[in-house]
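**Q** Handing you a structure now.
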Amino acid sequence: MKSGKSIIIWLVAIIVLSAVMNMFTNNPQNRGYQSIPFSDFMNEAENKQISEVVIEGSTILGTAADGTKFSTYAPYDPSMIETLRKSGAKVEARPEDTSANTFWGVLISWFPMILLIGVWIFFMRQASSGNNKAMSFGKSRARLIENTKKVTFDDVAGADEAKQELEEVIEFLKEPAKFQRLGGKIPKGVLLVGPPGTGKTLIAKAVAGEAGVQFLSISGSDFVEMYVGVGASRVRDLFEKAKKTAPCIVFIDEIDTIGKKRDNGGFSGNDEREQTLNQLLSEMDGFDSTKGLLVLGATNRPEVLDPALLRPGRFDRRVVVDKPDLNGRINILKVHSKDVLLDESVDFKEIALATSGAVGADLANMMNEAAINAVKHGRQAVCQKDLFEAVELVLVGKEKKDRILSKEERRIVSYHEVGHALVTALQKDAEPVQKITIVPRTMGALGYVMQVPEEEKFLNTKKELEAMLVVSLAGRAAEEIVFDTVTTGAANDIEQATRIARAMVTQYGMSEKFGLMGLATQENQYLTGRTVLNCGDATAAEIDVEVMRMLKGAYAEAKRLLSENRDALDKIADFLIEKETITGKEFMKIFRQVKGIPEPEEEIRPEKKRMGGAPVDPAAMERPETPRELSGAAPETDSRTQVPSELEEGEPAAETAGNVPEGRKAETGGAENE
């Protein structure tokens, strides 16, 4: 395209230059002649004031008696020559110079041909460029990442088990002879499996950085094209490039794009994706791992991968990069706070407790939001309050201060949220309330109750799940008791309670009717965590009946607790309407005053230290509460607490990646009213 444009530019430049030269060459004025009218010329001739005349066609060039040069245009006048002869002037006649007319005539006549030649050259060059592109169409799009900014395991936190499994792979890449001496072989492929945002790509880069080898990175979507055979060609080129740069690591992100299971009902034998997978299987069988070549794949959908791809000899190992535990989250926060100025009030353990189930990407985002919040408020360093506000921002969005609720709506939302909180305080198996607010948020919540666990938990008892059901339905129960009606604000509460009850029946054997029978299986463990019933229609109908029985019992219990403590419900709701946001301490203080319970003696806590050793002012350690969503998803089978990274509009985040009811709960009230 650039060469074609340059040809056109040169042609235009030549034409313009020729025209300018012709104009300057043939214009008499440009040769020192002064143009005069023809009548003045004839008067000068009659007065014998002209010494010399040159006639060129219709142009007359002459010299006056005083030496002045002039030019004029001569019409057809037979008497002009006779007048010049009588004046005694020297007369010279020349043929008219037609070179300029000839140039433009030739140019005009040949211009179409010149244009056609230029267009032909342009398309020939384009065709040549197209051939080069066609030759590179099947080339691999893998990017060779240089070690200009080396990533090591020091930059990876919260995945200690994964790092331990990969350390021997790193050692083999560094010293292959050490293993080969005893006949050991490096795994040809390692599959990194885990939820989104846990750092699979970062770990792959860290392996290359620790081993000091080249790192070729490519996405599974880079292999897929509409033309059959292109993906297979790119796979071949990828491994050829890897062999030339060995020792190196080939990292294929989202490998499930090309590694899906083959079946007769899905793809035909000539399907591009299947051809690409076949070529990948062939290449992984063919290369020699002793040359220091390792394939790392990453996916969050291992269940859809073809069994031939997962067998030993191709991907020999599967390394699970799961959501970090409490210590892992603390270490991740430390990594992402290296370049952040923190004051002495920061305690990463409290932040980690408030973000149960969050992945590394979530925590990095929270740390960044905390820094932005500190700058916005003119602080010189990030404090604990900034971090908790960042957690709240990520979970439920920013405060919508421009949304003004009516007086009646404020009362409804207030009683709804206090209903959740009061039932939480009345049950010993529920987690303590840390904050209650009726300030609307941008993600749809008109209010919510925040709870932070005192310690991280990996299992939930039946009593705890039953308490969650009661707490979930307590907001709806409060509305019915106080206003003798219900609103749309409990839609999300009902949805979450139904998920918990259904999980208790179908997955955990917590139903007396069905006992230990497993009635559902989980799909997409690392993504949606959706469960599918594996029973008949009649049994499914009975499950619905059992779930309804559990929900009705929980709702009746919530109404009983709130009715028996109506005085506390009214007083706390009035206080919340006035203040809009109250802390867990304020909530419990009013509750104890109403119930006549003495205040507990304050525990003298030892001075805490911020990560990094700076002492923390105990007065500054009052925990800014963070939202915790009511775990509505079914508790997962491996008993790990899962916390979503974002909330859907109008509802707290329900568990999506796993099944254990989350420790982090946010009761959103009135969200559906928006």
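The values are calculated or read from the model by the stated rules, or taken from the named source; none is laboratory data. These figures come from a predicted structure and were not determined experimentally. We place every Cβ from the backbone using ideal geometry, glycine too, and count neighbours over all the protein chains shown. Please note that ligands, DNA and RNA were not included when accessible areas were found on the heavy atoms of the full protein model with its side chains. Shrake-Rupley method; radii C 1.70, N 1.55, O 1.52, S 1.80 Å.
**Q** Has the range 471-492 got at least one residue that is surrounded by fewer than 16 Cβ atoms within 10 Å (Cβ to Cβ) and among the charged types (D, E, K, R)?
**A** yes
**Q** Continuing with this model, one more query. Only helices (runs of 4 or more DSSP H) wholly contained in the range 154-270 count here; list those with 2 or more residues that are closer than 30 Å to residue 357 by Cβ.
**A** Answer list for the range 154-270: 160-174, 200-211.
**Q** Related question: Just give me the residues in the range 516-547 being assigned to a loop (DSSP other than H, G, I, E, B) and among the small types (Gly, Ala, Ser), in sequence order.
**A** Residues satisfying the conditions are 518, 529, 536.
**Q** What tally of residues in the range 391-416 results from selecting those that are hydrophobic (A, V, I, L, M, F, W, C) and touching a strand residue (DSSP E or B) at 6+ places or on another chain (Cβ under 7 Å)?
**A** 2
**Q** Related question: For the range 403-434, which positions are open to solvent by 10 Å² or more (accessible area, probe 1.4 Å), under 20 Å from residue 555 (Cβ atoms) and among the β-branched types (Val, Ile, Thr)?
**A** 412
**Q** Among the residues in the range 495-515, are any in a loop (DSSP other than H, G, I, E, B), within 29 Å of residue 444 (Cβ to Cβ) and among the β-branched types (Val, Ile, Thr)?
**A** No, the range 495-515 has no match at all.
**Q** I need the full set of residues from the range 37-71 which are buried (at least 17 other Cβ atoms within 10 Å of the Cβ), in contact (Cβ under 8 Å) with a residue 40 or more places away in the chain and touching a helix residue (DSSP H, G or I) at 6+ places or on another chain (Cβ under 6 Å), in order please.
**A** Answer for the range 37-71, where residues must be buried (at least 17 other Cβ atoms within 10 Å of the Cβ), in contact (Cβ under 8 Å) with a residue 40 or more places away in the chain and touching a helix residue (DSSP H, G or I) at 6+ places or on another chain (Cβ under 6 Å): 45, 71.
**Q** Tell me, please, whether a residue that is surrounded by 22 or more Cβ atoms within 10 Å (Cβ to Cβ), closer than 29 Å to residue 523 by Cα and at pLDDT 90 or above can be found in the range 333-349.
**A** no
**Q** For the range 548-565, give me each residue that is in a helix (DSSP H, G or I) and open to solvent by less than 80 Å² (accessible area, probe 1.4 Å).
**A** Those that are in a helix (DSSP H, G or I) and open to solvent by less than 80 Å² (accessible area, probe 1.4 Å): 550, 551, 553, 554, 555, 556, 557, 558, 559, 561, 562, 563.
**Q** Testing residue 195 on (1) touching a residue at least 12 places away in the same chain (Cβ under 8 Å); (2) more than 32 Å from the chain's Cα centre (by Cα), one condition comes back false. Which one is that?
**A** (2)
**Q** Write out, first by first residue and then by second, each pair whose Cβ atoms fall under 6 Å of each other, whose residues are 6+ apart or on separate chains, and whose first residue, in the range 477-501, is without any contact (Cβ under 8 Å) to a residue 40 or more places away in the chain while the second is open to solvent by 40 Å² or more (accessible area, probe 1.4 Å).
**A** 486/476; 486/480
**Q** Exactly one condition in (1) outside any helix (DSSP H, G or I); (2) touching a Lys or Arg at 6+ places or on another chain (Cβ under 7 Å) is not met by residue 490; state its number.
**A** Here residue 490 clears every test but (1).
**Q** Which residue is least open to solvent (accessible area, probe 1.4 Å), if the candidates are limited to the range 517-543 and must be more than 39 Å from the chain's Cα centre (by Cα) and charged (D, E, K, R)?
**A** Restricting to residues being more than 39 Å from the chain's Cα centre (by Cα) and charged (D, E, K, R), the top hit is 542.
**Q** Somewhere in the range 20-28, is a residue touching a Gly at 6+ places or on another chain (Cβ under 8 Å) and either polar (S, T, N, Q) or modelled with pLDDT under 75 (or both)?
**A** Checking the range 20-28: not a single residue is touching a Gly at 6+ places or on another chain (Cβ under 8 Å) and either polar (S, T, N, Q) or modelled with pLDDT under 75 (or both).
**Q** State whether the residues of the range 314-329 include one that is more than 20 Å from residue 192 (Cβ to Cβ), of a type in the set (Val, Ile, Thr), buried (at least 24 other Cβ atoms within 10 Å of the Cβ) and in contact with a helix residue (DSSP H, G or I) (Cβ under 9 Å, 6 or more places away or on another chain).
**A** Checking the range 314-329: not a single residue is more than 20 Å from residue 192 (Cβ to Cβ), of a type in the set (Val, Ile, Thr), buried (at least 24 other Cβ atoms within 10 Å of the Cβ) and in contact with a helix residue (DSSP H, G or I) (Cβ under 9 Å, 6 or more places away or on another chain).
**Q** Shifting gears a bit: Please specify each residue of the range 424-461 satisfying the condition of being of a type in the set (Gly, Ala, Ser) and not in a loop (DSSP other than H, G, I, E, B).
**A** Residue satisfying the conditions is 425 alone.
**Q** While we're on this one: May I ask you to list the residues in the range 489-530 that are of a type in the set (Asp, Glu) and at pLDDT below 90?
**A** 512, 523
**Q** Further, regarding this structure: Enumerate the pairs (first residue in the range 562-584 and at negative phi; second residue anywhere and among the aromatic types (Phe, Trp, Tyr)) with beta-carbon separation below 8 Å, excluding pairs fewer than 6 apart on the same chain, so at least 6 apart or on different chains.
**A** Sorted first by the residue in the range 562-584, then by its partner, the pairs are 568/591; 569/415; 572/587; 572/591; 573/415; 582/575.
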